[in-house]
Amino acid sequence: MRLGINLGYWGAGMDADNLAVAREADRLGYAVCWAAEAYGSDAPTVLSWVAAQTERIDVGSAIFQIPARTPAMTAMTAATLDSLSGGRFRLGLGVSGPQVSEGWYGVKFDKPLARTREYVEIVRKAMSRERLTHQGEHWTLPLPGGPGKPIKLTVHPVREHIPLYIAAIGPKNLEQTGEIADGALVLFYAPEHAEETTLAPLRAGRAKAGKELDGFDVVPTVPLALGEDVDALADMFRPYTALYVGGMGSAKQNFYNKLAQRMGYEKEAAEIQQKYLAGDKEGAAAAVPRELIDSTSLLGTVDRIADRMRAYAEAGVTTLSLNPAGFTLDERIAGLRAGVEALERAGLA
């Protein structure tokens, strides 16, 4: 199992620290550094900046939002980043959510699975430098009856195949991801529930493509906090968990809330969402079960984190992307170093 670092969203007041974290992760031998986007900073700019100031670590989008760019534009960006980084780019894609897709980009959040499949098909074709033609429900290239003609990408990526990941949570999305992608980007991955919530649908998708799960990259992002008092450390992540389970989406459509339900927290997920959407964020955080946080995070001493890393590896994780907690750069760097030490103690390095 390899380690990654997830910088999350840029522009949260820790930009200089984020670059220092990425450079330290590069020095420590982390495999990949991910950056996200929502409706603030864009991921490609961040990744180009990180790639320019690191040497070995891969840079990956977690994610490029599908409604933000045409497929051809995404292929151009991926090829450019791969070229500029010397073959260190990983392309992560996701449909975002209905609020962002429709409220920020003005793109209807309809048929996300079909849209993703078609998008990936076009991106792969463009990155392979074929002349680009496509006849689909969501895109037609070239447009009929006009001056457009099939053209091909002029940039040559360093690698013939740029790894493509999809952010997936629900069973149908996970199954499709296993079928059409090289890896899955997941959140709130609990080893104890991984088979039914994640691995089984991924395996079904791989089987559709005539492949095994071997060679497929399972990449959860996991918060990490060092210390002796596990309960106090879990409390640090209550607002984060409540945001996703309670507030990331609408009352009718929240993928993370449904995931918590599939993990056995039906009653608790409903309470968290009800309180969060009513404006009681503190109450929502207090309603998050400690067991949910502990099962989806790395908390405690280095030895306890090492034990949990073994559980993640046994539960199919191939790249464990850490999100070290800390109010200072020193605390976050300490988390990075603890991750490497724990991986070694776990016998997984």
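The values are calculated or read from the model by the stated rules, or taken from the named source; none is laboratory data. What you see is a predicted model; the values in this text were computed from it and never measured. All Cβ positions, glycine included, derive from the backbone under ideal geometry; neighbour counts span all protein chains shown.
Data for the structure
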| quantity | calculated |
| --- | --- |
| Some residue of region 333-341 being surrounded by fewer than 22 Cβ atoms within 10 Å (Cβ to Cβ), in contact (Cβ under 8 Å) with a residue 24 or more places away in the chain and either aromatic (Phe, Trp, Tyr) or not assigned by TED's automatic domain parsing to the domain that holds GLU195 (or both) | no |
| Among residues of region 161-192, those that are touching a helix residue (DSSP H, G or I) at 6+ places or on another chain (Cβ under 9 Å), without any contact (Cβ under 8 Å) to a residue 40 or more places away in the chain and within 21 Å of ALA72 (Cα to Cα), counted | 2 |
| Residue under evaluation MET73, criteria (1) out of contact with any strand residue (DSSP E or B) (no Cβ under 9 Å at 6 or more places or on another chain); (2) assigned to a strand (DSSP E or B); (3) of a type in the set (A, V, I, L, M), criterion not met | (2) |
| Condition check for GLN99: surrounded by fewer than 16 Cβ atoms within 10 Å (Cβ to Cβ), in the same structural domain as VAL50 (by TED's automatic domain parsing), part of a helix (DSSP H, G or I) and at negative phi | yes |
| Yes/no for VAL288 being more than 30 Å from GLU102 (Cβ to Cβ) and crowded, with 16+ Cβ neighbours inside 10 Å | no |
| Selection within region 233-291 - acidic (Asp, Glu) and not in a helix (DSSP H, G or I) | ASP280 |
| Failed item in (1) in contact (Cβ under 8 Å) with a residue 40 or more places away in the chain; (2) surrounded by fewer than 13 Cβ atoms within 10 Å (Cβ to Cβ); (3) not small (Gly, Ala, Ser), with PRO144 passing the rest | (1) |
| Candidates ALA225, ALA200, ALA234, filtered to the one that is modelled with pLDDT of 95 or more, crowded, with 19+ Cβ neighbours inside 10 Å and within 20 Å of the chain's Cα centre (by Cα) | ALA225 |
| Test: residue in region 113-131 that is closer than 21 Å to ALA313 by Cβ, in the same structural domain as ASN6 (by TED's automatic domain parsing) and hydrophobic (A, V, I, L, M, F, W, C) | no |
| Condition check for ARG124: surrounded by fewer than 20 Cβ atoms within 10 Å (Cβ to Cβ) and assigned to a helix (DSSP H, G or I) | yes |
| Residues of region 1-27 classified as assigned to a helix (DSSP H, G or I) and touching a strand residue (DSSP E or B) at 6+ places or on another chain (Cβ under 8 Å), total | 4 |
